[in-house]
Amino acid sequence: MTYLMILFTVSVMLGTALGMLMLIGSSLYDIEMLSEKKNPKRISKNKRKHYRPLVSIIIPAFNEEVAIENCLRTLSKSRYKNLEIIVSDDKSTDKTREIVRKFIKDYSGQKKIFLVAKRKNGGRGSAINSGLRRASGEIVIAYDADCQMNPYMIHRLVEHFADPGVSAVAANIKINEDGTILGLMQKLEYLVSFRSKKFNTLVNSEVIIGGAGASYRASVLKKVGGFDDRMKTEDIELSMRMTKKLGKAGGLKYASDYVIYTEPVPTYKSLFKQRYRWKYGSLQAQFFNKSLFFSIDKKQNPFLTWIKMPYSLWSEFMLILEPIFLVTFTYLAVTGNNPILFIGAASAFSLITWLAIWSDEHLSKKEQLRLTILSPTMYLTSFIMSAVQVTAMYRSFVNIKNLTNPKKDDGAYTTTERSARAAA
């Protein structure tokens, strides 16, 4: 029991310290971005305004018949003119290819739309690599079929790449709430997690350019070898590899004004599958880029290699003990008639969530108020997300031999279940 309490105390202290840094850093990021818009330091307003490179959007698609047509329809309405759209079909077994071909045939707009048809299913990374070989753009966006963006959003993205020191940009991913508890859980989770990326960018320690809308300078992407199609989360591994090869001058950043909307995972079964892949892939990426941990290479950011990444790995493995912590503290609270532990945890949960809600410049005041009222009631449902994460960690631990040996694994996977809303 003593050792358990020591582990728990150390974990809480480390988490609190980093949480405070992220809180301060996120606020400073907002101030800096506001200042940068008014008085640019690195790149002039004129250069940003006139920087209009060819942008290639690559959509890796495997059995996306539900969402692909709406995705293409939305992207074709983009106001950014110098744009090409490439659907890289990963040997779909449904009607994805037929739908794309028909859309291209019927399309009468100005955008260039292409279909790359793979002969073998290889996973998201393999599909993006195939699309990359067809792409001509200076900027490449890896896009998901269930996503949407504002018609002017690419204009905002390329402004970041006007700075030649920027190699990759992570999007600000927002969940389109679907009216369910599961959807609300994911919406709040994304709000909190993406707020922390502001701090990462401020201290030049962003190491995950992940998810839909991840954007890269094509020359740098090709220089580091593109995506590793053996990885379950090819985007995380690529980000770490870019950091390893390019160091703190690599130019990986998060852009809060580059917003991509996506649908929530519609079922709990699909959520468990998705988070297992994320967890497994994250650990896989860390293993194959383990030289970043406690690196003494002067080109690396010491905060990233000595604090952020080690703490991230520590947090992952602390998940294994989370059920023991929960049972122990529930027992202590009940037998000691002392609910302060859970009251404190619920209060901390609500406070962190409220900060994320009210610091989000893309939410209306009405929406902020609604989410503020709802978030305290979501504390109990947060245990569901904890269960998902713990299960994913245990499953990854069971498969650790495959995780550390890419010859026994590959990046192929079945696309996460899409909501019918993705077709609307």
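The values are calculated or read from the model by the stated rules, or taken from the named source; none is laboratory data. Keep in mind that what you see is a predicted model, and the values were worked out from it rather than measured. Positions of Cβ are backbone-derived with ideal geometry, glycine not excepted, and every protein chain shown enters the neighbour counts.
For first residues located in segment 296-313 and small (Gly, Ala, Ser), partners that are surrounded by 15 or more Cβ atoms within 10 Å (Cβ to Cβ) and lie 6+ apart or on another chain with Cβ distances below 9 Å form the pairs SER312/VAL207; SER312/SER282; SER312/GLN286. From the list GLY251, GLY247, the lone residue that is on the phi > 0 side of the Ramachandran plot and in contact (Cβ under 8 Å) with a residue 60 or more places away in the chain is GLY251. ASP257 - would you say it is charged (D, E, K, R) and at pLDDT below 90? Considered against the rule, which asks whether it is charged (D, E, K, R) and at pLDDT below 90, ASP257 comes out as no. Suppose the filter is within 16 Å of ALA61 (Cα to Cα), in contact with a Phe, Trp or Tyr (Cβ under 8 Å, 6 or more places away or on another chain) and at pLDDT below 95; does ARG124 pass it? Here the answer is yes, as ARG124 does meet what is asked.
Looking only at segment 222-233, filter to residues that are out of contact with any strand residue (DSSP E or B) (no Cβ under 9 Å at 6 or more places or on another chain) and touching a residue at least 40 places away in the same chain (Cβ under 8 Å); which one of those is nearest to VAL207 (Cα to Cα)? Ranking the candidates gives THR233 first.
LYS197 satisfies every condition listed in (1) of a type in the set (D, E, K, R); (2) within 14 Å of LEU304 (Cβ to Cβ); (3) modelled with pLDDT of 95 or more except (3). Going through segment 331-353 one residue at a time, which ones are of a type in the set (S, T, N, Q) and under 15 Å from TYR379 (Cα atoms)? Passing the criteria: SER347, SER350, THR353. Restricting the first member to segment 50-61 and to residues that are basic (Lys, Arg), and the second to residues that are assigned to a helix (DSSP H, G or I) and at pLDDT 95 or above, the beta-carbon pairs closer than 7 Å and six or more apart or on different chains are ARG52/VAL158.
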